[in-house]
Each structure stands twice: as structure tokens, then as C-alpha cells.
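Structure, as C-alpha cells:
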Amino acid sequence: QVQLVESGGELVQTGGSLRLSCAASKRTVSNYDMAWFRQAPGKEREFVAAITWNGGNAYYADSVKGRFTISRDNAKNTVYVQMNSLKPEDTAVYYCAARLWGLGPRDSSQYAYWGQGTQVTVSS
């Protein structure tokens, strides 16, 4: 069993930056693919970014490409997403997810483990 805890969400102004962290416990995630998803009020959960177990490949939603960067530190059992040039439309609860293997890194159904989420609010 993998337990994931997100942190770093807060209220920020348009154009600002935040770094979200996802700390894993109970088991190492060094051999897990990791991802970030988000869900805005009244909308479905959507893919944000993903990174393979060894950090060799990263994937981004078009809406965040060039602004967000996903990274991981397997020694700390932690995954990050650096979010720059934030926009009001980035406002959402951000969730961390993990999987041992699967197809389609952008597909939420491929991830078995989820955190509780952290709120990011971008004011205009």
C-alpha cells in the first residue's frame, strides 16, 4: 500500500509561482510512475503532468506545458510540480497519483494510489 500526502497549495496572485510536493510513505515509490491531476469546481478531474519511475520521461497537459515542471527525488520518496506563471484557470484541487505500471500516463484510471489533494487558488 502506498500513502501519498500533498502539500504546498495556497492562495497566489496571477503570474505567481508555487511548488507542490507529494510525499509517499509506507512504501518506496522509486519504481512507481507518478502524476499530478487537478479538479476545479464543477469540472472533471484532469491530467496535469506525469513522470516515469526513473525520471526519464515527463508528460504535460497542453494547458500547462512550458509553465509547469514535474520532478522527483527518489531518495526523499517525493514528487514535485513547480508551477510558474499561474493563471486563474489553474485554480483547482491538485492530486498526486502513483502506479507501478500501465498504459497512458495521462489516464487517471491507470493510477491505483491517490492523495487527498491540496488546494491551489489563483486570484485575478
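The values are calculated or read from the model by the stated rules, or taken from the named source; none is laboratory data. Since the structure is predicted, the reported quantities are computational estimates derived from the model, not experimental observations. Cβ placement follows ideal geometry from the backbone for every residue including glycine, while neighbour counts extend to all protein chains displayed. When the accessible area is computed, the model is the full protein with side chains, heavy atoms only, and any ligands, DNA or RNA have been set aside. Shrake-Rupley method; radii C 1.70, N 1.55, O 1.52, S 1.80 Å.
Tabulated values for the structure
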item	result
Ser63 paired with Lys43, simple spin-label distance in nm, labels 7 Å along Cα-to-beta-carbon	0.2
Charge dipole magnitude, Cβ of K and R +1, D and E -1 - segment 13-98, Cα centre, debye nearest 20	220
Contour excess over end-to-end distance, with Cα ends at Leu103 and Thr14 and 0.36 nm allotted per residue	28.6 nm
Per residue, in Å², the accessible surface of the chain once ligands and nucleic acids are set aside, probe 1.4 Å	52
Positive-pole candidate from Leu4, Pro88, Gln116, dipole of the chain, charges at beta carbon	Leu4
Cubic angstrom per residue, convex hull over Cα atoms of the chain	91
